[in-house]
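Each value in this text was obtained by applying a stated rule to the coordinates, not by laboratory testing. Bear in mind the structure is a predicted one, so any value in this text is a computation, not a measurement. With ideal geometry, Cβ positions are generated from the backbone for all residues, glycine too; neighbour counts draw on all protein chains shown.
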Amino acid sequence: MPNTETNNDYHRDSSEHGNNPIAVSIQGITKKFGNMTAVNDVSFNVHSGELRAVIGPNGAGKTTLFNLICGNLTCNSGKIVLFGKDITNLPLYRRARLGLGRTYQRNSIFFNLSVAENVMLADMSKEISHNTFGRPKIKSESMELLKQFGLDEKADKMTQELAYGEQRKLEIILGLALKSKVLLLDEPAAGLSPEETSEIVRLIKALKGEKTVILIEHDMDVVFGVADRITVLHHGEVLADDSRESIKNNPTVRDAYFGTARR
Amino acid sequence: MVRNFKAYLCLLAFLICVPVIFSPYYTSLVVKIMIFGIFAMSLDILLGYTGLLSFGHIIGWGIASYAVGILTSQGIVSNFFVLLLIALFAGIAFNAVVAVLALRTSGLYFVLVTLALAEIARCVAVKWHSITGGVDGISGITLPLEIGETGFYYLTFIFFVICLCLICWLVDSRFGRVLMGIRENEPRMQALGYDTWLFKYIAILFAGFMASMAGFLFCLFNRYVGPGDLGFGLSGEALLMVLIGGMGTIIGPFIGSVILVVLKNALSMYTTHWMLILGILFVFCVKFFPEGLVTILKKKISR
Amino acid sequence: MFLVQLLNGITWSAILFLMASGFYMLFGLMRIINMAHGSFYMFAGYITAALTLTVGFWIGLLVGVVSIAIIGVLIYVGLLKSLHKQDLKQLLLTFGLIYVFLDITQWLWHGQVLFPFKPDILDGSARFLGIIYPIYQLIIIAIVIIIGAALWLIQDKTKLGAIIRAGVDDEEMVRGLGINLAPIFLGAFALGAALAGFAGGMGAVFTGAYLGIDTEILTLGLIIVVIGGLGSLQGAMLGSLLIGLADTLGKAYLPDFASFTIFTVMVLVLVFRPSGLLGKQT
């Protein structure tokens with residue numbers, strides 16, 4: 001599928017964020033594993049304050065894309081630019097320090113520490129270089145966050161003792177507590193009940209405008225409820241990249257999802 | 001503050017009285033327990049708190065010991081404090097180099113690389129016999145301080161208290177929390193913005209500093225240093241102390257030291273097969289009591 | 001003569017490859033790091049050496065190899081099987097076994113240094129390319145090349161090899177396909193141990209069997225798997241060649257810096273290719 005994305009397209013951008021500076025610019029990134037190409041020449045730009053959903057059938061390369069953006073994997077070619085700074089060759093932790101936050105599809109929390117200790121690690125991160133040897137404390141804003149998610153009473157409980165849904169919420173909290181300017185959410189609603197899912201949706205909506213969010217989601221209600229623009233991946237390539245309405249009505253996208261499209 | 005603060009004070013009070021209560025034979029046994037306690041606690045910084053199993057930890061002990069042996073036997077240094085400083089510096093310096101190499105790897109490879117590096121150091125100690133005394137080591141080392149046996153006991157005690165305080169502080173500090181975070185989930189720590197390599201490096205230097213202290217003391221206590229101070233035997237005993245006592249607990253490694261030193265001392269009167277017993281204990285502990293005594297007791301008490 | 005030293009290096013590489021391939025079997029299939037592998041070498045070496053005097057080299061070698069295989073199986077079944085996939089615990093457990101073996105070996109042979117005698121058929125020398133070289137060493141090289149080729153073939157070309165490679169990555173699926181992995185694991189452990197025993201029996205002729213060879217050869221083996229990659233047969237071959245040559249040539253031409261040649265090789269690999277000689281960057 002030829003990639004039709006160029007910078008010129010944004011003069012015709014119908015989203016409200018089209019005039020904001022570009023937060024994340026993905027330029028022609030490719031990732032190969034041996035003979036298999038997981039991500040092939042993917043390019044798109046996400047403007048500041050925008051909520052971009054990345055969708056596509058299983059195996060389309062969405063999580064690999066996230067891994068490349070965050071630094072878990074290195075690209076074979078291409079460039080990643082964060083607020084104008086080339087981060088393609090920077091290690092994971094530096095990208096995080098520059099404002100790139102993430103939540104994972106499978107919970108990647110600290111199971112043998114308490115809930116409060118989990119959040120404290122996120123709290124301490126920014127100040128650790130000049131406050132290395134003091135006593136750790138949890139910030140009041142983080143306590144607020146725990147309260148928001150209903151976990152404040154369980155602050156001292158061991159994470160492994162929490163229910164799956166609560167652990168998932170902690171996963172999201174860890175992503176939020178860092179106060180990153182750009183947040184990558186990998187299937188945040190995975191494994192959650194409908195009530196919990198609407199909580200997450202409410203939260204994501206509240207982030208819009210202040211933060212730039214890139215979201216991987218399978219639940220189309222969630223996607224069409226919150227996204228400004230949608231990028232569709234298929235077999236590691238960008239199939240379509242457009243506003244919410246256009247994607248909804250795009251026949252090629254429907255074919256890809258229902259498997260009638262062929263490479 | 002640290003939990004069980006009073007318990008630690010009682011322990012220290014008891015230790016202060018030991019030379020008064022016990023005979024010189026048992027007093028020197030307690031000296032040994034304290035020295036190995038320091039070494040085991042330093043190993044636990046890496047194993048229990050940071051999640052790094054380093055067989056190279058013995059390098060700090062061995063290099064500091066050899067520094068003492070070489071400098072005193074050749075008559076180069078006769079001032080106690082200069083000796084201490086050089087020994088600590090040498091131990092840390094070697095750890096600094098070893099850590100750069102070892103941290104190029106992670107996981108199982110890290111364990112193997114540290115083991116290989118320690119063994120290479122031991123081989124060098126054996127080969128370079130003009131300086132190190134080769135297989136025989138250096139004997140007849142004397143303490144450049146006129147303090148006698150009791151004086152040496154209290155010297156060791158002071159070092160022990162310093163190390164205990166360092167560990168207590170570490171557990172409570174942000175730095176310690178970061179190490180524990182690295183142990184639990186290093187990739188997530190990086191995603192949270194932590195330069196985990198740097199923290200691991202500092203942890204190794206910190207632990208190496210304490211191990212050097214222990215090696216310094218043991219060399220003067222034993223009046224001898226040899227390739228065994230860089231060998232598997234000592235590495236294994238320290239590791240077992242941490243395992244038996246409980247990883248990631250403050251006092252666990254010390255308890256492990258008590259058990260192992262007393263056991264070795266008691267058994268040595270009846271059998272020459274200490275290594276067999278050590279090995280069996282090791283296997284038994286890993287299979288049936290991997291958590292260690294202190295952790296098991298803590299769990300029982302909190303029920 | 002350089003050619004002689006080169007052949008000595010290749011012989012040593014061959015012995016080391018036997019050790020490394022044993023590691024590869026145990027790790028590649030079961031993720032077991034066997035720290036007692038060097039102890040297997042030592043123990044088999046002692047048995048072979050001790051029996052050479054009474055029943056001859058060949059029977060001594062056979063008894064040595066079989067004993068270690070049996071001991072290995074007992075260790076696996078009795079201690080390691082229940083710790084399946086717990087890498088660190090298995091490593092620590094086998095580490096503890098080093099002391100057990102060391103003590104028993106000392107008990108049985110009182111710390112002597114023993115050398116098995118070469119069997120008469122292999123006790124001659126061959127002349128070629130202007131040198132005279134012992135046949136024994138050449139035979140070792142030949143045997144190990146055959147073993148290496150056999151392992152490579154099994155891994156790449158046979159159904160068993162495919163099962164093994166699949167079993168590493170996705171055990172549940174292999175079991176789900178109705179393939180019983182238990183006897184395969186058992187067999188693999190026995191084979192890995194036997195390879196170490198074979199290395200010990202044949203290698204002791206020139207290294208000797210002594211207390212301390214266990215940790216020395218373990219270290220060399222571990223360095224090889226670090227630079228070659230734990231789960232790679234080809235890596236083990238390349239690594240063994242590199243380390244064997246570095247060790248032998250180092251001892252021959254720079255005797256005062258013997259350990260440093262190995263150290264240098266390891267440092268170079270760690271600095272320039274931390275994911276191993278054949279490693280892949282992610």
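In table form, for the structure just shown:
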{"item": "Amide proton proximity set for residue A:233, modelled H, under 5 Å, gap of 5+", "result": "A:55, A:56, A:239"}
{"item": "Mean Kyte hydropathy of 0.5 or more with a Cα span along the axis of at least 24 Å, helices from DSSP in chain A", "result": "none"}
{"item": "Computed label-point distance, nm, for sites residue B:14 and residue B:205 using a 7 Å Cα→Cβ extension", "result": "3.7 nm"}
{"item": "Proxy reagent accessibility, fewest Cβ within 10 Å first, across B:41, C:42, A:143, B:275", "result": "A:143, B:275, C:42, B:41"}
{"item": "Whole-number D in µm² s⁻¹ for chain A, Kirkwood Cα-pair radius fed into Stokes-Einstein, 37 °C, 0.692 mPa s", "result": "171 µm²/s"}
{"item": "Contour minus Cα-Cα distance for residue B:158 and residue B:22 (0.36 nm per residue)", "result": "47.1 nm"}
{"item": "Computed E for residue C:163/residue C:70 - FRET, C-beta separation, R0 25 angstrom, nearest 0.05", "result": "0.50"}
{"item": "Acute angle (nearest 10 degrees) that the helix C:233-253 long axis makes with the longest principal axis of chain C, alpha-carbon atoms", "result": "30 degrees"}
{"item": "Selected from A:108, B:57, C:28, residue furthest toward positive end of dipole (the protein assembly as shown; charges at beta carbon)", "result": "A:108"}
{"item": "Radius of gyration and Dmax over the Cα atoms of chain B, both given in Å", "result": "18.8, 59"}
{"item": "Angle in degrees between helix C:57-75 and the longest Cα principal axis of chain C, rounded to the nearest 10", "result": "30 degrees"}
{"item": "Extension reserve of the residue C:272-residue C:3 stretch, reckoned as 0.36 nm per residue once the Cα distance is removed", "result": "93.9 nm"}
{"item": "Vicinal HN-Hα couplings computed from phi for the range C:178-185 (Karplus, 6.51 cos²θ - 1.76 cosθ + 1.60; Hz; Gly/Pro x)", "result": "x, 8, 8, 7, 4, x, 5, 4"}
{"item": "Modelled FRET efficiency - R0 45 Å, residue C:107 with residue A:76, Cβ distances, 0.05 increments", "result": "0.20"}
{"item": "D (Stokes-Einstein, µm²/s), Kirkwood Cα radius, chain C, 1.567 mPa s at 4 °C", "result": "67 µm²/s"}
{"item": "Cβ-based charge dipole, the protein assembly as shown, positive-most Cα from B:175, C:177, B:134", "result": "B:175"}
{"item": "Chain C - charge dipole about Cα centre, Lys and Arg +1 at Cβ, Asp and Glu -1, debye rounded to 20", "result": "440 debye"}
{"item": "Residue mean of other protein chain beta carbons inside 10 Å, B:270-280", "result": "5"}
{"item": "Total formal charge among the other residues, if their Cβ is under 13 angstrom from that of residue A:218, Lys/Arg +1 and Asp/Glu -1", "result": "-4"}
{"item": "Proximal lysines to residue C:81, defined as alpha-carbon separation beneath 18 angstrom and excluding residues fewer than eight positions away on the same chain", "result": "B:287, C:89"}
{"item": "Protection proxy ranking, peptides B:32-39, B:100-107, average beta carbon neighbours within 10 Å, highest first", "result": "B:32-39, B:100-107"}
{"item": "Among C:70, C:217, C:15: highest mean-square fluctuation, GNM of chain C, C-alpha pairs under 10 Å", "result": "C:70"}
{"item": "Inter-chain Cβ neighbour average for residues A:123-131, partner chain, 10 Å", "result": "4"}
{"item": "Among beta bridges that DSSP assigns inside chain A, antiparallel share in %, nearest 5", "result": "55 percent"}
{"item": "For chain A, calculated [θ]222 nm from helices alone, where every DSSP H run of n ≥ 4 adds -39500 (n - 2.57)", "result": "-8500 deg cm²/dmol"}
{"item": "Pairwise FRET efficiency - residue C:127 versus residue A:58, Cβ, R0 = 60 Å, nearest 0.05", "result": "0.35"}
{"item": "Amide H partners (placed H, <5 Å) of residue B:141, local residues excluded", "result": "B:224"}
{"item": "Estimated dipole of the range A:172-263 in Debye, rounded to 20 [Cβ of Lys and Arg +1, of Asp and Glu -1, Cα centre]", "result": "280 debye"}
{"item": "DSSP-defined beta bridges in the protein assembly as shown - what % are antiparallel, rounded to 5", "result": "60 percent"}
{"item": "Dipole of the protein assembly as shown [Lys/Arg +1, Asp/Glu -1 at C-beta], most positive-end residue of A:124, B:112, B:283", "result": "A:124"}
{"item": "Theoretical ellipticity at 222 nm over chain C - DSSP helices of four or more residues, -39500 (n - 2.57) apiece, nearest 500", "result": "-25500 deg cm²/dmol"}
{"item": "Diffusion coefficient, µm² s⁻¹, Stokes-Einstein with Kirkwood Rh over alpha-carbon pairs of the protein assembly as shown at 25 °C and 0.890 mPa s", "result": "82 µm²/s"}
{"item": "For residue A:107, net neighbour charge (Lys/Arg +1, Asp/Glu -1) across residues whose Cβ lies under 12 Å away", "result": "0"}
{"item": "Cα long-axis angle, helix C:37-55 against chain C (0 to 90 degrees, to the nearest 10)", "result": "50 degrees"}
{"item": "Most mobile of C:154, C:140, C:47 in a GNM of chain C (Cα contacts under 10 Å)", "result": "C:154"}
{"item": "Virtual spin-label span in nm between residue B:79 and residue C:171, 7 Å along Cα→Cβ", "result": "6.0 nm"}
{"item": "Theoretical gain in end-to-end length, residue A:210 to residue A:85 [0.36 nm per residue, Cα-Cα removed]", "result": "43.0 nm"}
{"item": "Whole-Å distance, taken between Cα centres, linking the range C:173-231 and the range A:116-135", "result": "45 Å"}
